[in-house]
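The numbers here are math on the coordinates, done by the rules we state, and not lab data. Predicted model only: the values in this text are computed from it and were never measured. Here the Cβ positions follow ideal geometry from the backbone for every residue, glycine too, while neighbour counts run over all protein chains shown.
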Amino acid sequence: MIRPASVSRLAIAIALATALAACGDKKEEAKAPAAPTAAEAMAFVTEAEARLETDREYAARAAWVQANFVTVDTSFLAARADEASTALSMELAKDAARFNDVEVDAETRRKLEIMKQGLTIPAPSDPALASELATIKADLDSMYATGKYCKEDGTCLNDRDIIRIMASSRDPEELKDVWAGWRQVSAPMKDKYARMVELANAGSRDLGFADTGALWRSGYDMPADDFTAETERLWGQVKPLYQSLQCHVRAKLSDYYGSRTMPQDGTIPAHLVGNVWAQQWGEIFDLVASGDADPGYDLTALLNEKGYDAMKIAKTGEQFFTSLGIPALPETFWERSLITKPRDRDVQCHASAWDITTSDVRIKMCTEVTGEDFRTMHHELGHIFYYTNYAPQSILFRGGAHDGFHEAIGDAVALSTTPAYLVELGLLDEQPDAAADIGLLLKQALDKVAFLPFGLMVDRWRWGVFNGEITPDHYNEAWWKLRRQYQGLSAPVERTEADFDPGAKYHIPGNTPYTRYFLAHILQFQLYKAACEQAGFDGPLHRCSFYGNKEVGEKLKAMLAMGASKPWPEALEAFAGTRDMDASAVLAYFAPLQAWLDEQNKDRNCGWE
Ligand code: X8Z
Ligand code: ZN
């Protein structure tokens, strides 16, 4: 293959440069090799960019095939491609560190730093261990993608079936059964996961990080410890709003299911909130809203009534972006994306967006005609338009300003799918009047506010696992401790260390860092509010849609086009005029709801032990 040739080319170039630098002065020979120069650093970066282009395309195609056709063979092939790709990234990360003390221009310095942090799961230097790690990662991926809960009567449920039942069933016994059933899929992942943690930590230490969590926290243009504090600060801003929501939801669930189903300690049993991971609660809106909180329409019903299918949902999403003046997607996007679940094979159904090359972008999503998937489609398209707009950047800068930005773009757009916008699409005949606003906000809060502590606790758990504070014999106990602490939730059935509940969430076996989603749930409101201000919108924030606004589009394009080329505060400043992440836009958006919740909760005992 091409890789060995380019490895030796780079190695020769570096050896030659070192030799040339040293041979002018014989006395230097006994000492350490001459310090590398800025010119060498730049040559190294240029060579690395070329090698990464080739490597990433190969690895991306292998991973795409595995995710679209999950078999033992595609897993094997994807594991080998990942192994090679990780080896290259490890080599580059280590080589980049040689230039730590060299004075170089800001752009080269940033590229070197990105190279040093570019891996999510670094590999140990021993090739046998690196190979073992790649195989474990592919195995965990496949276990999730092919996971099914088979009941005693022989019927088997995949993740889509589970999601549907958790959203629609109101039978607590059925919910409990399906909730626990999905977690049978993850129990066998535990040993592999623990081994993966050991191997990844060995790789992270080779790169100079204390552990893999420290590596993950290093990608935010600030010291890793400051980043932890920054997430706590943001959480502190929104915690009172979450606690009010938790209190109200708990009371309404108790009304509906009776106090026997609701524990006395104030936590909510995780099977009752309409989502198998209890991460977004919008599906139980009907149980939580009262008469004065009715938005008057249901997006799922509207989409179905108007004959929407997956393609129409995707086209509608694209049209929002083009209405801002952003160029349409390439034809290959439509030819190569997977937007409905194939009937005859296992695919990794968790929605994702791919940049195979700069001109070949795709999504993979088992779309269903629901309000939730309408939003998820916008989410995925946010990633895709980030890709197409930063395509001219160096491969090292083809990323979000930070990963939370990448996750926030499509969501900020989806916040614009207001009643006025639905009228514009012809989905709704007329806008509901202001009396519906509490309902709209409550529905939104069940998804967006309920998500916040979940978005935080997933990596609180992983950071603890990676730094050794949480050992395998306490994996599950620690998970539920964090669920209780941050979310005020409890497990509906007894859990033991034979279970591995974290693995039932895609991003754990899939090794996708999760703090990005917490950040995105703050940032999307900040970006949305800034866009509404640019658009001169005058009215309650949640009624603003920036659909069709070219001025917003220009600013958005400019921010997207920056990719990761500048520290993220510069990207935020370019769009929102501020250099700080701040949850006050979340609070402003939900201010009328906070007042309503305070009224609802006034005679209730809120909080949990
Ligand atoms: O994983 C996703 C996206 C793909 S990046 C569908 N999300 C998180 C999740 O589903 O857990 C979006 C919201 C949070
Ligand atoms: Zn995403």
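In terms of distances greater than 22 angstrom between alpha carbons, the cross-link table entries Lys315/Lys364; Lys315/Lys550; Lys148/Lys176 yield no pairs at all. Given +1 at the Cβ of Lys and Arg, -1 at the Cβ of Asp and Glu and no other charges, the dipole of the stretch 515-609 around its Cα centre is 340 debye to the nearest 20.
Once you have a ≥ b ≥ c as the square roots of the Cα gyration tensor eigenvalues for the stretch 521-587, tell me rounded if a/c is under 1.5, and otherwise prolate or oblate according to whether a/b is larger than b/c.
Oblate, since a/c reaches 1.5 and b/c is not below a/b.
Would you compute the Debye intensity of the stretch 283-436 from its alpha-carbon atoms alone, equal scatterers and no solvent, and pass along log10 I(q)/I(0) at q = 0.09, 0.19 Å⁻¹ to two decimals? Ignoring solvent entirely, the Cα scatterers give -0.33, -1.23. Using alpha carbons only, what's the Rg to Rh ratio of the stretch 363-494 with Rh from Kirkwood? With Rh from the inverse mean 1/r over Cα pairs, Rg/Rh is 1.07. Treating only the Cα positions of the stretch 28-170 as identical point scatterers, give the base-10 log of I(q)/I(0) from the Debye formula at each q in 0.17, 0.20 Å⁻¹. Calculated log10 I(q)/I(0) at the listed q: -0.98, -1.15.
Can you tell me the alpha carbon radius of gyration of the stretch 292-381 divided by the globular rule-of-thumb value 2.2 N^0.38 Å?
1.18
Residues whose amide H falls under 5 Å from that of Leu489, counting only those 5 or more places apart or on a different chain, are Ile268, Arg484, with hydrogens built in the peptide plane. Residues Ser244, Ser359, arranged from fewest to most other Cβ atoms within 10 angstrom of their Cβ, appear as Ser359, Ser244. Any chance you could give the angle, 0 to 90 degrees and rounded to 10, that helix 591-600 forms with the longest Cα principal axis of the chain? The answer is roughly 50 degrees.
Would you mind calculating the relative contact order of the stretch 81-135 from Cα pairs under 8 angstrom and at least 6 residues apart, reporting the percent as a whole number? The normalised contact order for the stretch 81-135 reaches 47 percent. Over all other residues within a Cβ to Cβ distance under 15 Å of Ala391, the charged ones net out to -1, with Lys and Arg as +1 and Asp and Glu as -1. Normalised by the number of residues in the chain, the average gap of Cα pairs under 8 Å and 6 or more apart makes the relative contact order 18 percent.
Mean sequence separation of contacting Cα pairs (under 8 Å, at least six apart), scaled by the length of the stretch 268-388, corresponds to a relative contact order of 24 percent.
Look at the Cα gyration tensor of the stretch 154-238: its axes a ≥ b ≥ c give a/c of at least 1.5 with a/b at or below b/c, and that counts as oblate. The sum of -39500 (n - 2.57) across all DSSP H runs of n ≥ 4, divided by the residue count of the chain, sets its helix-only mean residue ellipticity at 222 nm to -19000 deg cm²/dmol. A cut-off under 9 angstrom between Cβ atoms defines the neighbours of Trp216, and their net charge, with Lys, Arg +1 and Asp, Glu -1, is +1. Relative to the longest principal axis of the Cα atoms of the chain, the long axis of helix 550-562 makes an angle of roughly 40 degrees. The orientation-averaged projected area of the convex hull spanned by the Cα atoms of the stretch 32-88 comes to 4.9 nm².
Restricting the calculation to Cα atoms, every distinct pair contributes to the Kirkwood radius of the stretch 113-181, found to be 15.2 Å. Stokes-Einstein diffusion for the stretch 442-597 at 10 °C, viscosity 1.306 mPa s, with a Kirkwood radius from C-alpha pairs, works out to 88 µm²/s. Overall, the anisotropy analysis places the stretch 189-341 in the oblate class: the square-rooted eigenvalues a ≥ b ≥ c of its C-alpha gyration tensor yield a/c not less than 1.5, with a/b not exceeding b/c. Which angle between 0 and 90 degrees, to the nearest 10, do you get for helix 190-206 versus the longest principal axis of the chain when only C-alpha atoms count? Compared with the principal axis, the helix lies near 40 degrees. With Cα atoms as the point set, the radius of gyration and Dmax of the stretch 249-330 evaluate to 18.6, 55 Å.
Taking every Cα-Cα distance in the chain and sorting them into 20 Å bins from zero, the calculated P(r) comes out as 19, 54, 24, 3, 0 percent. Reducing the stretch 174-193 and the stretch 56-73 to their Cα centroids gives an inter-centroid distance of 25 Å.
A Cβ-based charge dipole, computed about the Cα centre of the stretch 189-258 with Lys and Arg at +1 and Asp and Glu at -1, lands at about 400 debye. Note on the stretch 155-272: with charges restricted to the Cβ of Lys and Arg (+1) and Asp and Glu (-1), its dipole about the Cα centre is near 340 debye. Which of the lysines could be linked to Lys111 by a straight reach, that is with a Cα gap under 24 Å, when you skip same-chain ones fewer than 8 residues away? Filter leaves Lys94, Lys557, Lys566.
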